[in-house]
Amino acid sequence: MSLQLSSLILRDITEISELHEVEQLQKEVWGVADLEVVPALALIPMIEVGGVLMGAFDRVDDKHRLVGFVFGFPGRENGKLILHSDMLAVRPEYRRHGLGFKLKLAQREKALSKGVDTITWTFDPLQARNARLNFGKLGVVSDSYRVNYYGKTTSFLHQTGTDRLWVTWNLYSDRVCKLVESSYEPSPDRDESITVLSVSENEEPCAIGEIYPEMDVAIEIPEDINRVTDRDARKTERWRAATRTAFTTFLERGFWVTEFEFVEGNHGRVGRYLLTLQNPER
């Protein structure tokens with residue numbers, strides 16, 4: 001599908017009719033039951049007290065159609081005012097065109113205008129494209145892994161568990177500013193890291209037995225876990241268990257997740273996280 005993202009309008013969502021479109025888009029994108037949709041009646045007061053709800057609209061048949069949105073609400077973490085970005089959704093036909101990135105940048109500008117310089121959110125660490133957006137393009141960092149964070153849900157995306165990385169987006173950090181305001185892209189140093197979990201033949205997880213606590217470590221994941229799930233859901237369950245062990249082991253030892261990239265592994269293209277003992281923003 002050929003899209004001209006420059007023709008899309010990104011703006012605040014305030015109208016009741018548009019809030020109902022947000023409700024519908026949640027169901028379409030995540031396949032959740034009505035009970036698990038964040039309703040307009042809850043969104044209205046959250047926006048009133050500092051929440052940020054921004055939508056991307058495309059003109060279809062002389063009407064502006066909601067094709068994506070991002071939503072966050074204010075909170076505190078370690079005594080500091082933050083915005084927690086709870087939802088980012090883009091219609092399937094508008095993906096892979098950078099719309100999610102544009103929505104996050106719009107959210108960043110809105111947060112800064114409110115005097116907030118930190119945004120947090122969670123995402124599934126097995127979703128490689130989301131990892132690439134979060135670490136490779138936005139510049140988040142993470143030192144927290146949440147096991148089965150949402151419990152069981154009705155979403156088709158959550159059938160192998162809801163483990164999440166909790167990420168922090170420091171909006172004024174040099175690293176973030178370089179990423180979002182220029183063409184800079186980080187280049188993780190592969191020679192100085194040890195791969196502790198790799199993608200083996202047939203896309204099975206393969207963990208090494210030895211631990212190198214004083215060196216940077218890398219965690220590989222399949223390029224497309226959804227394709228793996230479609231073929232063999234039990235294999236995805238094995239990936240969930242293996243990545244849970246790898247992330248929790250090293251984050252508990254003081255490591256930070258700092259980068260993500262796609263690389264050519266021993267058996268094809270894979271996703272690769274880099275974990276370091278030093279937070280790059282300190």
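Listed values, structure above:
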| item | result |
| --- | --- |
| R0 of 35 Å, Cβ-Cβ distance LYS178-GLU77: FRET efficiency to nearest 0.05 | 0.90 |
| Reachable aspartates and glutamates, given that their alpha-carbon falls under 18 Å from the alpha-carbon of LYS114 and they are not under 8 places away in the same chain | ASP12, GLU48, GLU77, ASP86 |
| Within the stretch 54-108, trypsin sites (Lys or Arg not before Pro) in DSSP loop having at most 13 other beta-carbon neighbours inside 10 Å | ARG96 |
| Label-reachable residues, the stretch 55-72, where backbone N falls under 12 Å from a point 7 Å from ARG91's Cα toward its Cβ | 56-69 |
| Among ASP143, ASP124, ASP174, residue whose mean-square fluctuation peaks in a GNM of the chain (springs only between Cα atoms under 10 Å) | ASP174 |
| Selected from ALA106, GLY161, GLY139, residue furthest toward positive end of dipole (the stretch 83-172; charges at beta carbon) | ALA106 |
| Cleavage-rule hits (GluC sites (Glu not before Pro)) in the stretch 1-81: DSSP loop, at most 13 neighbouring Cβ within 10 angstrom | GLU15 |
| Within the stretch 190-276: Cβ-based charge dipole about Cα centre, in debye rounded to nearest 20 (Lys, Arg +1; Asp, Glu -1) | 400 debye |
| Filter on LYS104/LYS152; LYS137/LYS235; LYS102/LYS137 - keep pairs with C-alpha separation over 18 Å | LYS104/LYS152; LYS137/LYS235 |
| Reported label for calculated Rg and Dmax of the Cα atoms in Å given (1) 19.0, 61; (2) 18.0, 53; (3) 17.5, 50 | (1) |
| Rounded to whole Hz, the Karplus (6.51, -1.76, 1.60) HN-Hα couplings of the stretch 215-220, x for glycine and proline | 10, 4, 10, 10, 10, 8 |
| Magnitude of the charge dipole, the chain, Cβ model with Lys/Arg +1 and Asp/Glu -1, debye to 20 | 360 debye |
| Among ALA89, SER17, VAL32 the positive-end extreme of the charge dipole of the stretch 1-93 (Cβ point charges) | ALA89 |
| Cα centroid separation, the stretch 70-147 to the stretch 19-67 (Å) | 17 Å |
| Coil-residue chymotrypsin sites (Phe, Trp or Tyr not before Pro) of the stretch 59-159, DSSP, other Cβ within 10 Å capped at 16 | TYR149, TYR150 |
| FRET efficiency, VAL60 to ASN148 (Cβ-Cβ, R0 30 Å, nearest 0.05) | 0.20 |
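Values quoted throughout were computed directly from the atomic coordinates according to the rules given, and no laboratory measurement underlies them. The structure presented is a predicted model; accordingly, all values stated were derived computationally and were not measured. Virtual Cβ from ideal backbone geometry, glycine too; neighbours counted across all protein chains shown.
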